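This report concerns only the one structure given below.
The values are calculated or read from the model by the stated rules, or taken from the named source; none is laboratory data. From a predicted model like this one, the values you see are computed outputs, not experimental measurements. For neighbour counting, all protein chains shown are included, and Cβ atoms are generated from backbone atoms with ideal geometry for every residue, glycine included.
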Amino acid sequence: MAYIITGPTSGFGYPTALELAKHGTVVLVGRDQGRLDKVRKAIERAGQHAVPVVCDLSDLASVRRAATEIIALQLPLAGLVNNAGIMALRATKSAQGWDMAFATNHLGPFALTEALMPHLPDGANVVFVCSGVEDPERRPAVIAGFRGGRYISAEASARGEWKPGGSTHPGLDAYATSKQCNLATVLAFARETPRLRFNAVEPGFSPGTGLSRDANAFLRFLGKYVLSPLALYIRYWSTPARTAKVITNVLLNEPGGTGVYYDERGKPMLGSTLVSDPEFQDRVVAETRALLSTVSA
Ligand SMILES: NC(=O)c1ccc[n+]([C@@H]2O[C@H](COP(=O)([O-])OP(=O)(O)OC[C@H]3O[C@@H](n4cnc5c(N)ncnc54)[C@H](OP(=O)(O)O)[C@@H]3O)[C@@H](O)[C@H]2O)c1
């Protein structure tokens, strides 16, 4: 069996890759060959097997190349974890001129998944690492400054435009909207393609990962050394080690269902009212496909 994971070089992705390696070959998808090789070596030291594939998820050309490379490996693919993501506090543009967070977190993983789907056997599981910040009713996210996903359309998101009335903190609307689109994609794909399984994980807030790498040094220190050790005792919070187990269990859960959204302890949870609406989910998917099709192969 072989399992693909994006973003295995840091945060939740690293321990998840090590966990998955206990169950088969791991295809490590990341943007930096050197960092991927470090993970591969750690897996090989444990007597297991990994194959690095370089891919910048923010760049559609790179995603398409990586998908072709993964398919050419001819491994017995059994699952995909779309874990990589960024929370950029400054808006920048991707190679296609799209909002960087939206491209990295939604457009890239969407394109990678669609390219790999025909090559996944019946029953294979695709897990997206989502985030509760897409829900404008989720209290801890609101306290942190989020105002839920602010989707207008895929094209508007790619231009970095969000529904008015959003967060006053830079980058939070882009992040929450990209995560809203991840969850909408999971729920739509689960209905569209019943031969495969699509599930989502809310990994829990983990202050010590690289996600907050744009924050100032004091906040990063506070997150890593003061708040992280408390994470297991706080509701909605978690640690990379525990989240790795949750993601792995969801991915490998043999008789498991499809279209399920799991919380940081692996229990089913609900997304926002908007993202739970199949019409909204289908619109996100249709508009994403239309946007991606404007870039010729
Ligand atoms: N931490 C939290 O509290 C939290 C809460 C809810 C959801 N999440 C979600 O959890 C997932 C993992 O985040 P994390 O907290 O583990 O963050 P992290 O430590 O920053 O890890 C992010 C991973 O994504 C990779 N990545 C970033 N941009 C990429 C690109 N353009 N192409 C390919 N790979 C790229 C990074 O690679 P490099 O090593 O090359 O940078 C890294 O491996 C994300 O989807 C995030 O939205 C996190």
Problem set entry | Segments classed as helices (runs of 4 or more DSSP H), wholly inside the stretch 122-207, with at least 2 members that are away from the ligand (no atom under 11 Å from the Cβ) and farther than 30 Å from N249 by Cα | 154-158
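Taking only the stretch 69-78 into account, find how many residues are touching a residue at least 24 places away in the same chain (Cβ under 8 Å) and away from the ligand (no atom under 14 Å from the Cβ). Can you show your working first?
If we filter the stretch 69-78 for residues that are touching a residue at least 24 places away in the same chain (Cβ under 8 Å), which is where we start, we get 70-71, 73, 75-78.
From the residues that got through so far, the ones that are away from the ligand (no atom under 14 Å from the Cβ) too are 71, 73, 75-78.
Residues that pass the stated criteria total 6.
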For this session: Go through the stretch 30-65 and give me each residue that's within 14 Å of the ligand (Cβ to nearest atom) and over 21 Å from P109 (Cα atoms).
Result: G34, D37, K38, R40, A42
For this session: Kindly list, by first and then second residue, each pair from a residue in the stretch 182-208 that is farther than 19 Å from D263 by Cα and touching a residue at least 24 places away in the same chain (Cβ under 8 Å) to a residue that is outside any helix (DSSP H, G or I) and not acidic (D, E), limited to pairs with Cβ atoms under 6 Å and residues at least 6 apart or on different chains.
Result: F189/F198; L196/L120; L196/A124
Problem set entry | Subset of the stretch 222-235 [more than 22 Å from E19 (Cα to Cα) and either outside any helix (DSSP H, G or I) or touching a residue at least 24 places away in the same chain (Cβ under 8 Å) (or both)] | I234, R235
Exercise. Quick check: anything in the stretch 234-254 at negative phi and in contact with a Cys (Cβ under 9 Å, 6 or more places away or on another chain)?
Worked result: no
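Condition first: of a type in the set (F, W, Y), surrounded by 15 or more Cβ atoms within 10 Å (Cβ to Cβ) and part of a loop (DSSP other than H, G, I, E, B). Can you find one or more residues in the stretch 246-268 that meet it?
At the first step, the residues of the stretch 246-268 found to be of a type in the set (F, W, Y) are 261-262.
If we keep only those that are surrounded by 15 or more Cβ atoms within 10 Å (Cβ to Cβ) too, we end up with 261-262.
From the residues that got through so far, the ones that are part of a loop (DSSP other than H, G, I, E, B) too are none.
Checking the stretch 246-268: not a single residue is of a type in the set (F, W, Y), surrounded by 15 or more Cβ atoms within 10 Å (Cβ to Cβ) and part of a loop (DSSP other than H, G, I, E, B).
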Exercise. Restricting the first residue to the stretch 79-96 and requiring it to be free of Cβ contacts under 8 Å to residues at least 60 places away in the same chain, which pairs with a second residue that is charged (D, E, K, R) and in a loop (DSSP other than H, G, I, E, B) meet a Cβ separation below 9 Å and a spacing of at least six or different chains?
Worked result: S94/D56; S94/D59; A95/D56; A95/D59
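Condition first: more than 9 Å from the ligand (Cβ to nearest atom) and closer than 14 Å to A154 by Cα. Now tell me which residues in the stretch 99-121 satisfy that. I'd like the intermediate steps shown before the answer.
Here is the first cut: in the stretch 99-121, the residues more than 9 Å from the ligand (Cβ to nearest atom) are 99, 101-102, 106-107, 110-121.
Once the filter is applied, which keeps residues that are more than 9 Å from the ligand (Cβ to nearest atom) and closer than 14 Å to A154 by Cα, the stretch 99-121 yields D99, A101, F102, H106, L107, F110, A111.
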Exercise. Between residues in the stretch 278-297 that are within 13 Å of N182 (Cα to Cα) and at pLDDT 95 or above and residues that are surrounded by 11 or more Cβ atoms within 10 Å (Cβ to Cβ) and among the basic types (K, R), which pairs lie under 8 Å by C-beta distance while being six or more apart or on different chains?
Worked result: Q281/R191
Exercise. What number goes with the only condition from (1) in contact (Cβ under 8 Å) with a residue 40 or more places away in the chain; (2) under 30 Å from L230 (Cα atoms); (3) among the polar types (S, T, N, Q) that S153 does not pass?
Worked result: (2)
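If you scan the stretch 269-297, which residues turn out to be under 15 Å from N199 (Cα atoms) and not in a helix (DSSP H, G or I)? Reasoning before the result, please.
At the first step, the residues of the stretch 269-297 found to be under 15 Å from N199 (Cα atoms) are 269-271, 275-276, 281.
Those that are under 15 Å from N199 (Cα atoms) and not in a helix (DSSP H, G or I): M269, L270, G271, V275, S276.
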For this session: Give the number of residues within the stretch 209-221 that are more than 10 Å from the ligand (Cβ to nearest atom) and free of Cβ contacts under 8 Å to residues at least 40 places away in the same chain.
Result: 6
